[in-house]
1. Is it the case that the range 56-65 has a residue that's charged (D, E, K, R) and without any contact (Cβ under 8 Å) to a residue 12 or more places away in the chain?
2. Which numbered condition trips up T82, out of (1) of a type in the set (S, T, N, Q); (2) farther than 26 Å from T141 by Cβ; (3) touching a strand residue (DSSP E or B) at 6+ places or on another chain (Cβ under 8 Å)?
3. So which of P38, P42, P87, P19 ends up being farther than 24 Å from Q126 by Cα and either within 16 Å of the chain's Cα centre (by Cα) or not aliphatic (A, V, I, L, M) (or both)?
4. Would a scan of the range 85-100 turn up a residue that is exposed (fewer than 12 other Cβ atoms within 10 Å of the Cβ) and touching a strand residue (DSSP E or B) at 6+ places or on another chain (Cβ under 7 Å)?
5. Being in contact with a helix residue (DSSP H, G or I) (Cβ under 9 Å, 6 or more places away or on another chain), assigned to a loop (DSSP other than H, G, I, E, B) and either modelled with pLDDT under 95 or crowded, with 18+ Cβ neighbours inside 10 Å (or both), is that true of even one residue in the range 130-147?
6. Any residue in the range 27-44 that is among the hydrophobic types (A, V, I, L, M, F, W, C), under 12 Å from F93 (Cβ atoms) and in contact with a Leu (Cβ under 7 Å, 6 or more places away or on another chain)?
7. For the structure I just gave you, tell me whether L123 is part of a strand (DSSP E or B) and in contact (Cβ under 8 Å) with a residue 12 or more places away in the chain.
Amino acid sequence: MPSFTVAVRDLRDEGAILPVRIGVSADAEAALRRTGQPVPPPQEVRALIDIGAGRSLIQRGLAARLRLTPVGLVEIDTPSSTDLEAPEYRVRFWLNHNLGLEVTALEAPLPGDRLGALLGRDLLAQAKFEYDGPRSRFRLTVPRSAASSSSR
């Protein structure tokens, strides 16, 4: 099973943050390739693993840059708002060069400019997440059966 460890300067204060690339789903990529259309390159962002979030989120505006088509619309509550309409998009989160996990993520505003995504329990359900507070690091392990193939 592929796994990787991320060391953070101060895990308690900064959180489990890692660089990820967000791209179109495998089905969308295949459809674009079949019709000879270009596949939008994945967007690099910083993502926070948030075990309090049931769903993964992408920063507002990212779906347009990836030319994503919404697959649904839901109302969500966040710590700072209630009844916020959030479009849903099928996306792949690339955790490293060839390890992608797919989810139906919500697009919503994230505070500040520090983060481009939250990785919620929908994504973590496909992986093993280990939080090592004393060593200020965390580890993700993903079964090969859950990982998507590379878009390269």
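1. Going residue by residue through the range 56-65, those that are charged (D, E, K, R) are 60, 65.
Now narrow it down to the ones that are without any contact (Cβ under 8 Å) to a residue 12 or more places away in the chain: none.
There is no residue in the range 56-65 that is charged (D, E, K, R) and without any contact (Cβ under 8 Å) to a residue 12 or more places away in the chain.
2. The one condition T82 does not meet is (3).
3. Values: P42 fails: farther than 24 Å from Q126 by Cα; P87 fails: farther than 24 Å from Q126 by Cα; P19 fails: farther than 24 Å from Q126 by Cα.
Answer to the check: P38.
4. Looking only at the range 85-100, we keep the residues that are exposed (fewer than 12 other Cβ atoms within 10 Å of the Cβ), and these are 85, 97.
Narrowing the set further to residues that are touching a strand residue (DSSP E or B) at 6+ places or on another chain (Cβ under 7 Å) leaves 85.
Yes, because at least one residue in the range 85-100 is exposed (fewer than 12 other Cβ atoms within 10 Å of the Cβ) and touching a strand residue (DSSP E or B) at 6+ places or on another chain (Cβ under 7 Å).
5. At the first step, the residues of the range 130-147 found to be in contact with a helix residue (DSSP H, G or I) (Cβ under 9 Å, 6 or more places away or on another chain) are 131-133, 135-138, 140.
Right, trim to assigned to a loop (DSSP other than H, G, I, E, B) and you get 136.
Now restrict to residues that are either modelled with pLDDT under 95 or crowded, with 18+ Cβ neighbours inside 10 Å (or both): none.
No, the conditions are met nowhere in the range 130-147.
6. First, the residues of the range 27-44 that are among the hydrophobic types (A, V, I, L, M, F, W, C): 28, 30-32, 39.
With under 12 Å from F93 (Cβ atoms) added as a condition, the list becomes none.
No - not one qualifying residue is present in the range 27-44.
7. On the way: part of a strand (DSSP E or B): no; in contact (Cβ under 8 Å) with a residue 12 or more places away in the chain: yes.
It is false that L123 is part of a strand (DSSP E or B) and in contact (Cβ under 8 Å) with a residue 12 or more places away in the chain.
Listed here are the residues, each with its yes/no results for (1) out of contact with any strand residue (DSSP E or B) (no Cβ under 7 Å at 6 or more places or on another chain); (2) in contact (Cβ under 8 Å) with a residue 24 or more places away in the chain; (3) crowded, with 17+ Cβ neighbours inside 10 Å.
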| site | (1), (2), (3) |
| --- | --- |
| F4 | no, yes, no |
| T35 | yes, no, no |
| V39 | no, yes, yes |
| I49 | no, yes, yes |
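The values are calculated or read from the model by the stated rules, or taken from the named source; none is laboratory data. This one's a predicted model, so the numbers in the text were calculated from it and none came from an experiment. So basically every Cβ, Gly included, is an ideal-geometry build from the backbone, and we count neighbours across all protein chains shown.
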